[in-house]
Amino acid sequence: LRKAPLFEALDEEGAAALRASVSEVRLGRGQTLFSEGDEGDRLYVITSGKVKLTRTAVDGRETLLSVLGPSEMFGELSLFDPRPRTASAVAVTDTVLAGLGHADLRPFISGQPGVAMQLLKSLANRLRRTNDVMGDLVFTDVPGRVAKQLLDLADRFGKEGEDGLHVHHDLTQEELAQLVGASRETVNKALAEFALRGWLRIEAKAVVILDIDRMRRRAR
Ligand code: CMP
């Protein structure tokens with residue numbers, strides 16, 4: 001938890017005080033933490049595991065906004081602007097989270113500028129990413145978007161192995177397609193094409209990136 005940017009911004013005393021109001025939450029794979037539209041009064045920092053943030057369209061189709069992993073944070077929008085949850089949070093693997101009540105956090109935001117800056121920085125980052133994704137949905141083809149998402153997942157979850165960069169994203173094919181914003185068929189076709197060219201190897205809920213330069217060029 002100490003490694004989470006939110007806590008890094010605190011001095012020892014502040015970190016200890018905030019830690020005292022943390023409650024631990026454990027979720028099994030597929031378990032929902034909260035749903036879009038719920039009242040929200042806590043922010044969460046992931047200790048271990050992965051959480052997906054999803055929205056459901058009126059026709060029932062799901063889009064995956066993001067997959068977050070250890071030391072990443074979510075559930076802060078309702079802290080700054082007390083309105084219902086803007087997305088649902090579901091565990092994609094067994095996950096442990098630290099929950100922090102919005103009420104416990106508020107004094108730190110006003111008393112410790114570092115904490116407020118960290119929260120703003122994470123919001124700015126998210127907006128930047130969202131703008132990127134929006135632009136890509138209009139201007140980038142599906143293979144390009146697949147390459148981009150895989151590189152983003154690699155940045156956050158990748159582990160260098162002897163034969164390449166192992167990315168255990170823990171997502172099903174359907175979830176990967178929801179993240180890319182395309183059908184499962186087109187996403188699978190793009191993945192198969194990359195594999196055929198020797199740029200990556202497909203494994204169960206993972207890929208091994210074999211040629212990162214080509215993947216980067218395809219993502220551009
Ligand atoms: P909140 O609205 O409280 O609950 C849902 C959370 O999902 C939200 O806070 C954010 O932390 C997170 N979230 C919403 N939109 C996005 C997005 N586009 N990318 C990543 N996370 C998001």
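Enumerate the helices (runs of 4 or more DSSP H) found wholly within the range 106-216, keeping only those where 3 or more residues are closer than 26 Å to Asp81 by Cα and of a type outside the set (Gly, Ala, Ser). Spell out how you get there, then give the answer.
Working: elements: 113-139, 142-157, 173-180, 184-196.
It comes to 113-139.
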Item checked: In the range 71-87, the residues that are at negative phi, buried (at least 19 other Cβ atoms within 10 Å of the Cβ) and part of a loop (DSSP other than H, G, I, E, B) -> Glu76, Arg85, Ala87
Next item on the list: Look through the range 52-73, keep the residues that are charged (D, E, K, R) and closer than 16 Å to Leu179 by Cα, and return whichever of them is nearest to the ligand (Cβ to nearest atom).
Entry: Arg55
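Would you confirm whether any residue within the range 93-100 is farther than 23 Å from Asp136 by Cα and either near the ligand (Cβ under 8 Å from one of its atoms) or assigned to a loop (DSSP other than H, G, I, E, B) (or both)? Outline the logic, then answer.
In the first step, residues of the range 93-100 are kept if they are farther than 23 Å from Asp136 by Cα; the result is 93-100.
Narrowing further to those that are either near the ligand (Cβ under 8 Å from one of its atoms) or assigned to a loop (DSSP other than H, G, I, E, B) (or both): 93-94.
Yes.
Does Gly49 satisfy the criteria of being on the phi > 0 side of the Ramachandran plot, in contact with a Pro (Cβ under 8 Å, 6 or more places away or on another chain) and either at pLDDT 95 or above or buried (at least 17 other Cβ atoms within 10 Å of the Cβ) (or both)? Before you say what the answer is, go through the steps one by one.
On the way: on the phi > 0 side of the Ramachandran plot: yes; in contact with a Pro (Cβ under 8 Å, 6 or more places away or on another chain): yes; either at pLDDT 95 or above or buried (at least 17 other Cβ atoms within 10 Å of the Cβ) (or both): yes.
When the stated conditions are applied, Gly49 passes them.
Quick test for you: out of Asp170, Asp163, Asp104, pick the one residue that is in contact (Cβ under 8 Å) with a residue 40 or more places away in the chain, more than 16 Å from the ligand (Cβ to nearest atom), of a type outside the set (A, V, I, L, M, F, W, C) and surrounded by 12 or more Cβ atoms within 10 Å (Cβ to Cβ). Lay out the reasoning, then the answer.
On the way: Asp163 fails: surrounded by 12 or more Cβ atoms within 10 Å (Cβ to Cβ); Asp104 fails: more than 16 Å from the ligand (Cβ to nearest atom).
Only one candidate passes the filter, namely Asp170.
Could you grab me the full set of residues in the range 107-132 that are of a type in the set (S, T, N, Q) and surrounded by 13 or more Cβ atoms within 10 Å (Cβ to Cβ)?
Gln112, Gln118, Ser122
Being small (Gly, Ala, Ser) and part of a loop (DSSP other than H, G, I, E, B) is the filter; apply it to the range 22-48 and report the residue that is nearest to the ligand (Cβ to nearest atom). First the steps, then the outcome.
Our first condition is that a residue be small (Gly, Ala, Ser); within the range 22-48, this holds for 23, 28, 30, 35, 37, 40, 48.
Within this subset, residues satisfying the condition of being part of a loop (DSSP other than H, G, I, E, B) are 28, 30, 35, 37, 40.
Details: Gly28: 20, Gly30: 18, Ser35: 10, Gly37: 10, Gly40: 4 Å.
If we take residues in the range 22-48 being small (Gly, Ala, Ser) and part of a loop (DSSP other than H, G, I, E, B), then Gly40 is nearest to the ligand (Cβ to nearest atom).
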Checklist line | Top-ranked residue in the range 22-40 [being in contact with a strand residue (DSSP E or B) (Cβ under 6 Å, 6 or more places away or on another chain) and under 16 Å from Leu105 (Cα atoms); ranked as surrounded by the fewest Cβ atoms within 10 Å (Cβ to Cβ)] | finding: Ser23
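The values are calculated or read from the model by the stated rules, or taken from the named source; none is laboratory data. This structure is a prediction, so every number in the text was calculated from the model and none was measured. Using ideal geometry, Cβ is built from the backbone for each residue, glycine included, and neighbour counts are taken over all protein chains shown.
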